[in-house]
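In what follows, a structure is listed as structure tokens, so that the remarks can point back to it.
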Amino acid sequence: MTMRVCYRCGISEEEGGPLINGLCQVCFRKENPVLLLPSEINTELCQNCGSYKKRGVWIDPQNYELESLIFEVAENALLEALEESLDKVKEFEVVPWEELENINNIPVGKAFVGFIPVDYHIQYFPAVIVYRVRVKARLHELQLEPHDEIKETTVYVRQTVCPRCQRFLAGYYEAILQVRVEDREFTKEEREAVTKLVQEKVDEIMKKDRMGFIQDTIEKEEGIDFYMGSTSAARKLANVIREHFGGEISEAYELVGLDRMTSKEVYRTSVTVRLPKFRRGDIVEDRHGRIYKVENVSGKGMRLKNLETWESQHYDWKTIKREKIDKAEHEEKKALLISQTPREAQFMDMSTYETFEVLKPGVNLEEGQLYRLVKVKGRFYIKEKEGEE
Ligand SMILES: [Zn+2]
Ligand SMILES: [Zn+2]
């Protein structure tokens, strides 16, 4: 019977075995290292927005505080380098550095990885972080002890400008979102509300559409123009505005030139949201002469309070069009309720002290209380109690 020995160091199987492919335990681990990390790793982040490439795609960072951002970018690069270098195992798991010490029971084909920064200079770019990386792994079922390797690698984080910011900084825009109003003044409050909504939503949109930035906002007499980095973001915002304020959306295309590469015509889209001419508090009239107060305007329609009955009802935009609902010419008046019968209310005009009767809505009113009335085509309607809307 011949004694089996390690072909590399000559140790007997009895002492250094069991042999794996002719190698003793130590030589097997030495001949098949797991951690083949490069000693230098280069990565970059956008100096304008802090984004960096993850698996080849630019993504926004989790951290915006510079020190945490640099470590986030460096660790991402380190993990990508690990993914590439740990190709002898089927899977690897990153664990806290301290935990690695006690991990010894490792399934074949698996690695556990830990890393810590051991030195860094991040006051200026390129930022330099030296990581100590430790890997424990098992490649073969005959292995008594797992691989346990430590290596140091230096990650260099440089500054660049991401493609999105390059375009943004060059003044690029793809679409114009125009917010207009139908047939009336665009009030300051509405402009502020629209702008606030757009700013809130654009942050959300940019999480999925990095080109969805606002290049510029231009206030005009007739409305607001938002210059947008992407047409789909302009469309999304137009829909959000319509959902909140109602209105109609239309699109137009303007030829802006030829693409030099493809010689195709390049168009710029303008997406226009036209806000409805009605606003909360407006007095409107339908084709039958019924008078309403607008209680609410939304993308779906309007809630109207019939001033004869004080019943509120939602009307969709189709019905509003069909019923030819439009603004009613009217006067407003404040008056004190002096007395009431089941059908009528007696008011006193607070400027002339004249009294007059008005048909009551189907509810009881409060005597001694001020009410707001509207007069349409010579007839008074009780709109609401003073101080209520
Ligand atoms: Zn050996
Ligand atoms: Zn950027």
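The values are calculated or read from the model by the stated rules, or taken from the named source; none is laboratory data. Note that this is a predicted model, so its numbers are computed, not measured. So basically every Cβ, Gly included, is an ideal-geometry build from the backbone, and we count neighbours across all protein chains shown. Areas reflect the complete protein model, heavy atoms only, side chains present, ligands, DNA and RNA absent. Shrake-Rupley method; radii C 1.70, N 1.55, O 1.52, S 1.80 Å.
General observations
- Looking at V113, V94, V133, just one residue is away from ligand 2 (no atom under 16 Å from the Cβ), in contact with a Ser or Thr (Cβ under 8 Å, 6 or more places away or on another chain) and over 24 Å from C46 (Cβ atoms), and that residue is V133.
- Complete set of residues in the range 69-96 that are modelled with pLDDT of 95 or more and of a type in the set (S, T, N, Q): N76
- Inter-residue pairs, beta-carbon under 7 Å, first part of a strand (DSSP E or B) and in the range 307-322, second of a type outside the set (A, V, I, L, M) and open to solvent by less than 60 Å² (accessible area, probe 1.4 Å), 6+ apart: S312/E295; S312/K305; H314/G301; Y315/G301; D316/G301
- Within the range 152-187, the residues that satisfy the criterion of being free of Cβ contacts under 8 Å to residues at least 12 places away in the same chain and either within 16 Å of ligand 1 (Cβ to nearest atom) or within 26 Å of the chain's Cα centre (by Cα) (or both) are Q166, A170.
- Where T231 falls short, out of the listed (1) of a type outside the set (D, E); (2) over 24 Å from K208 (Cβ atoms); (3) in contact with a Ser or Thr (Cβ under 9 Å, 6 or more places away or on another chain): (2)
- All of (1) surrounded by fewer than 14 Cβ atoms within 10 Å (Cβ to Cβ); (2) more than 30 Å from A238 (Cβ to Cβ) hold for K375 with one exception: (1).
- Number of positions in the range 100-139 that are in a loop (DSSP other than H, G, I, E, B) and of a type in the set (A, V, I, L, M): 5
- In the range 16-35 there is no residue matching the filter, namely being within 16 Å of ligand 2 (Cβ to nearest atom), within 54 Å of the chain's Cα centre (by Cα), open to solvent by less than 80 Å² (accessible area, probe 1.4 Å) and of a type in the set (D, E, K, R).
- In the set D225, D216, only one residue is acidic (D, E) and either within 18 Å of R164 (Cβ to Cβ) or open to solvent by 60 Å² or more (accessible area, probe 1.4 Å) (or both); that residue is D216.
- Of the residues making up the range 331-342, not a single one is assigned to a loop (DSSP other than H, G, I, E, B), charged (D, E, K, R) and open to solvent by 50 Å² or more (accessible area, probe 1.4 Å).
- Lone unmet requirement of (1) closer than 30 Å to G17 by Cα; (2) open to solvent by 60 Å² or more (accessible area, probe 1.4 Å); (3) in contact (Cβ under 8 Å) with a residue 40 or more places away in the chain for I106: (2)
- Restricting attention to the range 262-272, the residues that are out of contact with any Lys or Arg (no Cβ under 6 Å at 6 or more places or on another chain), of a type outside the set (S, T, Y) and touching a residue at least 60 places away in the same chain (Cβ under 8 Å) total 1.
- Qualifying residue in the range 197-204 (condition: under 28 Å from V273 (Cβ atoms) and touching a His at 6+ places or on another chain (Cβ under 8 Å)): yes
- Here the condition is being away from ligand 2 (no atom under 16 Å from the Cβ) and either open to solvent by 70 Å² or more (accessible area, probe 1.4 Å) or among the acidic types (D, E) (or both); of S39, S12, it holds for S39 alone.
- Scope the range 140-172; condition within 16 Å of ligand 2 (Cβ to nearest atom) and either within 30 Å of K327 (Cβ to Cβ) or outside any helix (DSSP H, G or I) (or both); matching residues: V157, R158, Q159, T160, V161, C162, A170, G171, Y172
- Test result for V240, under 17 Å from G171 (Cβ atoms), in the same structural domain as K208 (by TED's automatic domain parsing) and in contact with a Lys or Arg (Cβ under 7 Å, 6 or more places away or on another chain): no
- If the condition is being open to solvent by 30 Å² or more (accessible area, probe 1.4 Å) and not in a loop (DSSP other than H, G, I, E, B), then the range 277-306 contributes E285, E295, N296, R303.
- Within the range 135-146, residues that are over 9 Å from I106 (Cα atoms) and assigned by TED's automatic domain parsing to the domain that holds L100 have Cβ atoms under 9 Å from residues that are open to solvent by less than 30 Å² (accessible area, probe 1.4 Å) and of a type in the set (F, W, Y) in these pairs: V135/F112; L139/F28; H140/F28; L142/F28; Q143/F28, counting only partners at least 6 apart in sequence or on another chain.
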